[in-house]
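The structure under discussion appears below in the form of structure tokens.
The values are calculated or read from the model by the stated rules, or taken from the named source; none is laboratory data. Note that the coordinates shown come from a computational prediction; the quantities given were computed from them, not determined experimentally. So basically every Cβ, Gly included, is an ideal-geometry build from the backbone, and we count neighbours across all protein chains shown.
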Amino acid sequence: MQGFSIQDEDKTDADKIRGVEVWLSPAIALGMVSLWAISVGVVFSLNLASVPLFGKLMILLWQTLLYTGLFITAHDAMHGAAFPLNRAVNDGFGTVVLWLYGLFSYKELLRRHTLHHQFPASEEDPDYSRGEQTGFWAWYWSFMTRYWSWKRFFALVVTFHLVHHFLGVAESNLAWGWVYPSVLSSMHLFYFGTYLPHRQPALGYTDHHRSTTIPRPFLLSLLACYHFGYHYEHHAYTQVPWWQLPKVYRQANG
């Protein structure tokens, strides 16, 4: 499988910012997937009938955050940043993570994401839509329909019923621990990772990245899609993992 062909604006500078932390990246990636898996297992084992609505909502928000983190981890793999020492291991890991997230094809999403970085916020960008001129929902609808697949939807429905009937997981547990969080995470990812950073500014785009940065306090930045508010930095230094984006911003802006 071919890796990213996008080059950082200044490869030497990017390497310095990145810090070449080749062992920390796999640890964080594996930690994220492990945390998600443990949390899903716990939620699936709960007696949700005895959990009040407020508790269910807290579970929903927590699971949504973890599902977002699962996709962000796969996104790092698309940029070769999950296992930077071995591209084959990196891509194999990304393939598994995207399958866990929603039975997505890593190869297909990698192809589309490459186009997004080559032609951001343009007609050639598969994540872009002129619907952005009319607001969030029009663009989100266009975005989601481009990634929709009846085959994948059918596979997800079959998986839902197999887990319910053969593993004995209650449908309500599957809904609150899997279905609802995965849908909400798509909105979370789209709003903070596509809509806010790539919508056209009042004075138009200023460079070829067609992306803006929205700096926030550390915790808010983490909750707002794993620091992807630092989106200009992500496009300028594509191989920097999500957890180093605040560092990129601080070094560039003092």
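Listed values, structure above:
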quantity	calculated
Close pairs (8 angstrom Cβ cut-off, 6 or more residues apart or separate chains): of a type in the set (F, W, Y) and outside any loop (DSSP other than H, G, I, E, B) in the stretch 17-40, modelled with pLDDT of 95 or more and surrounded by 12 or more Cβ atoms within 10 Å (Cβ to Cβ) anywhere	W36/L66; W36/Y67; W36/G69; W36/L70; W36/L100
Test for F154: is it in a loop (DSSP other than H, G, I, E, B) and modelled with pLDDT of 95 or more	no
Pick from the stretch 65-95, criterion part of a helix (DSSP H, G or I) and among the polar types (S, T, N, Q), ranking: nearest to L220 (Cα to Cα)	T68
Scope the stretch 215-254; condition touching a residue at least 24 places away in the same chain (Cβ under 8 Å) and either at positive phi or assigned to a loop (DSSP other than H, G, I, E, B) (or both); matching residues	P215, A224, C225, Y226, F228, G229, Y237, T238, Q239, V240, P241
Out of K107, K56, sole residue that is touching a residue at least 40 places away in the same chain (Cβ under 8 Å), in a helix (DSSP H, G or I) and out of contact with any Phe, Trp or Tyr (no Cβ under 8 Å at 6 or more places or on another chain)	K107
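Results for (1) closer than 23 Å to F228 by Cβ; (2) in contact with a Gly (Cβ under 9 Å, 6 or more places away or on another chain); (3) without any contact (Cβ under 8 Å) to a residue 12 or more places away in the chain; (4) not acidic (D, E), shown as yes or no for each residue.
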| residue | (1), (2), (3), (4) |
| --- | --- |
| E124 | yes, no, yes, no |
| A138 | yes, yes, yes, yes |
| S182 | yes, yes, no, yes |
| H188 | yes, no, no, yes |
| H198 | yes, no, no, yes |
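Quick grid of which residues meet (1) surrounded by fewer than 21 Cβ atoms within 10 Å (Cβ to Cβ); (2) polar (S, T, N, Q):
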residue: M78; (1), (2): no, no
residue: R87; (1), (2): yes, no
residue: F93; (1), (2): no, no
residue: V97; (1), (2): no, no
residue: L100; (1), (2): yes, no
residue: S105; (1), (2): yes, yes
residue: L115; (1), (2): yes, no
residue: F119; (1), (2): yes, no
residue: E123; (1), (2): yes, no
